[in-house]
Amino acid sequence: MSERSPEALVWDFLRGAMMTKALATVADLGIAEALADGSRPVADLAGEASVDADALHRLLRALASDGVFAEAEPGVFGNTAASELLRSPGWTEFAQLFGGVFYKAVADLDAAARTGGATFPDAFGADFWPWLAEHPLDRAVFDRAMAGERWQKAKRLAELDWRAGETVVDVGGGNGALLLDLLQRRPGLRGIVLDLPETDRDESAFGDGLEFVAGSFFESVPRGDTYVLSAILHDWDDARAATILRNVRDAARPEGRVLIAESVVPPGNDPEGAKWLDLLMLVLAGGRERTESEWRSLLEGAGLHVERIEDGLIEARCP
């Protein structure tokens, strides 16, 4: 549990929306990248970004008070370990999403609490995924964010046992970054990325061992030996998640393996990001993060045999 006073704890929740928007603003302005070579006067940063110097100073001062940037001397700011993350793949894009479309979506969390369903369609005029398809710039940001930390997942997957020549299908694999990384670590594998045709991708980087297949995992998935679902099932309620898993089961070769790279919500009151991400999934598309028992029920209900459930990696087998 937190050692903060009750007042400090509640204050952090009260200002949370401003913190989200402030981080998104400096991410949009590219401030962390502008400080890559060291501390600089805020007037210079403001001039390059074409923004008001006083407002930018106040913005950076507030962020620095919580460790994102540091004011080395009055009016001169530099990066910290936290702000340096905005120069790493995926982090700027996540800041833009949480300060943009996600920010607007969670404003209707009170309505979701009343109905128990997604509120995104009412606020944006379309379901989340069709809306992304109609907004290619937002779709590109989303795909880059999802690909940002793929090396950690790819490393974990690569440490598993693999057979030479296995066909690995990344279901809802976005721009293919995760599977491309896995194949670089395990060059004996063959990969197929399945996702919607509007996915922002560069197929010229795939190479001979990796191909993109356009389609919907609600309709069918390509035949393969191992199926990777990375941050896919939490987007959907149990009924639609089960449809995806049944399509995987039906397409898989005998004893096909299913690898799910997702959180397992723990019991208790310790800080846990998945419990907050769960609320975002609710408002976006009626999805959810799942506990161990919920994962087991979902997988077994879809006709899969559960082999292992641990945070970040769930393993199952097809019949």
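The values are calculated or read from the model by the stated rules, or taken from the named source; none is laboratory data. Note that this is a predicted model, so its numbers are computed, not measured. Reconstructed Cβ throughout: ideal geometry from the backbone, glycine too, with neighbour counts over all protein chains shown.
A few remarks follow.
- Pairs, first farther than 17 Å from Gly30 by Cβ in region 62-89, second part of a loop (DSSP other than H, G, I, E, B) and of a type in the set (Val, Ile, Thr), C-beta under 7 Å, six or more apart: Gly67/Thr80; Ala70/Thr80
- When Leu60, Leu23, Leu14 are checked against the criterion of being over 24 Å from Val141 (Cβ atoms), hydrophobic (A, V, I, L, M, F, W, C) and not assigned by TED's automatic domain parsing to the domain that holds Pro271, a single residue qualifies: Leu14.
- Only one of the listed residues (Glu84, Glu73) is loosely packed, with under 15 Cβ neighbours inside 10 Å and among the charged types (D, E, K, R). That residue is Glu73.
- In the set (1) over 20 Å from Ala140 (Cβ atoms); (2) within 22 Å of the chain's Cα centre (by Cα); (3) in contact (Cβ under 8 Å) with a residue 40 or more places away in the chain; (4) assigned to a strand (DSSP E or B), the condition left unmet by Gly191 is number (3).
- Boolean, Phe13 is surrounded by 15 or more Cβ atoms within 10 Å (Cβ to Cβ) and either among the aromatic types (Phe, Trp, Tyr) or at positive phi (or both): no
- Residues that are surrounded by fewer than 18 Cβ atoms within 10 Å (Cβ to Cβ) and either touching a residue at least 60 places away in the same chain (Cβ under 8 Å) or of a type in the set (Ser, Thr, Tyr) (or both), drawn from region 288-300: Thr291, Ser293, Ser297
- From Val264, Val258, residue being over 30 Å from Gly125 (Cβ atoms), buried (at least 16 other Cβ atoms within 10 Å of the Cβ), in contact (Cβ under 8 Å) with a residue 40 or more places away in the chain and within 16 Å of the chain's Cα centre (by Cα): Val264
- The listed residue being among the hydroxyl-bearing types (Ser, Thr, Tyr) and at pLDDT below 95, out of Ser88, Ser83: Ser88
- Test: residue in region 39-48 that is outside any loop (DSSP other than H, G, I, E, B), more than 25 Å from Ala107 (Cβ to Cβ), over 21 Å from the mean Cα position of the chain (by Cα) and of a type in the set (Lys, Arg): yes
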